[in-house]
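The values are calculated or read from the model by the stated rules, or taken from the named source; none is laboratory data. Only a predicted model underlies this, so the values are computations on that prediction, with no experimental measurement involved. Counting neighbours? That spans all protein chains shown, and the Cβs are built from the backbone with ideal geometry, glycine included.
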Amino acid sequence: MAVYTATIDWTLRDGDDFPKGRYSRAHTIAFDGGVTLPASSSPHVVPLPWSDPAGVDPEEMLVASLSNCHMLTFLDLARRDGFFIRRYHDAAEGVMSKLESGKWAVTRVTLKPAITFEGREPTPAEMDHLHHRAHEDCFIANSVKTEVVVEPQPARQGG
């Protein structure tokens with residue numbers, strides 16, 4: 001068993017009116033490896049000025065977590081299959097929609113990896129199989145109910 005931690009720190013600011021909902025949602029998230037990120041609610045959820053668009057929001061972190069896990073799993077599987085990857089770039093997108101219950105949820109995450117290989121490149125069938133295996137083995141994808149779609153993109157030239 002492994003334990004992962006994140007420390008969330010928020011403080012009411014001078015001039016905020018907490019009882020009326022007029023307070024900043026800006027806060028920090030400190031991870032066990034030492035990185036601290038500015039964070040906030042999404043401006044799509046809590047309007048400005050009570051959100052900080054410069055901070056990472058929970059929905060973005062979910063999308064990034066799914067993309068990150070898929071990439072790390074894909075890299076390992078491709079390496080084991082004898083492929084050499086020079087670059088992996090993913091412009092992942094998440095969509096929030098209302099469920100039948102009336103609650104909001106991130107209902108779809110689309111991964112759009114563009115992968116630059118060196119030497120032998122996988123056939124389209126091998127690429128599909130690698131992405132399928134990466135999705136099946138990704139710890140985060142196995143942890144969420146959200147539909148996760150992978151749409152490989154052409155590799156970008158020049159780095």
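Annotation: PHE18 fulfils all but one of (1) farther than 30 Å from ARG120 by Cα; (2) exposed (fewer than 14 other Cβ atoms within 10 Å of the Cβ); (3) touching a residue at least 12 places away in the same chain (Cβ under 8 Å); (4) touching a Leu at 6+ places or on another chain (Cβ under 8 Å); the unmet one is (3).
The condition (being assigned by TED's automatic domain parsing to the domain that holds ASP76 and surrounded by 11 or more Cβ atoms within 10 Å (Cβ to Cβ)) is satisfied by just one residue among LEU99, LEU111: LEU111.
Yes/no per residue for (1) surrounded by fewer than 17 Cβ atoms within 10 Å (Cβ to Cβ); (2) farther than 21 Å from SER42 by Cα; (3) under 13 Å from the mean Cα position of the chain (by Cα); (4) free of Cβ contacts under 8 Å to residues at least 60 places away in the same chain:
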position	(1), (2), (3), (4)
HIS70	no, yes, yes, no
GLY82	yes, yes, no, yes
TRP104	yes, no, no, yes
GLY119	yes, yes, no, yes
ALA125	yes, yes, no, yes
LEU130	no, yes, no, yes
HIS135	no, yes, no, no
GLN153	yes, yes, no, no
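Just give me the residues in the range 25-44 being modelled with pLDDT of 95 or more and either in contact with a Phe, Trp or Tyr (Cβ under 6 Å, 6 or more places away or on another chain) or among the charged types (D, E, K, R) (or both), in sequence order. Scanning the range 25-44 gives ARG25, HIS27. Answer with yes or no whether ASP52 is within 21 Å of the chain's Cα centre (by Cα), among the acidic types (Asp, Glu), farther than 30 Å from GLY119 by Cα and not in a helix (DSSP H, G or I). So ASP52 passes the test. Within the range 39-59, residues that are farther than 23 Å from THR7 by Cβ and free of Cβ contacts under 8 Å to residues at least 40 places away in the same chain have Cβ atoms under 9 Å from residues that are surrounded by fewer than 16 Cβ atoms within 10 Å (Cβ to Cβ) and among the small types (Gly, Ala, Ser) in no pair, counting only partners at least 6 apart in sequence or on another chain. Somewhere in the range 129-142, is a residue assigned to a strand (DSSP E or B) and on the phi < 0 side of the Ramachandran plot? No; the residues of the range 129-142 include none that is assigned to a strand (DSSP E or B) and on the phi < 0 side of the Ramachandran plot.
All of THR73, THR116 fail the test of being at pLDDT 95 or above, over 17 Å from MET61 (Cα atoms) and part of a strand (DSSP E or B), apart from THR116.
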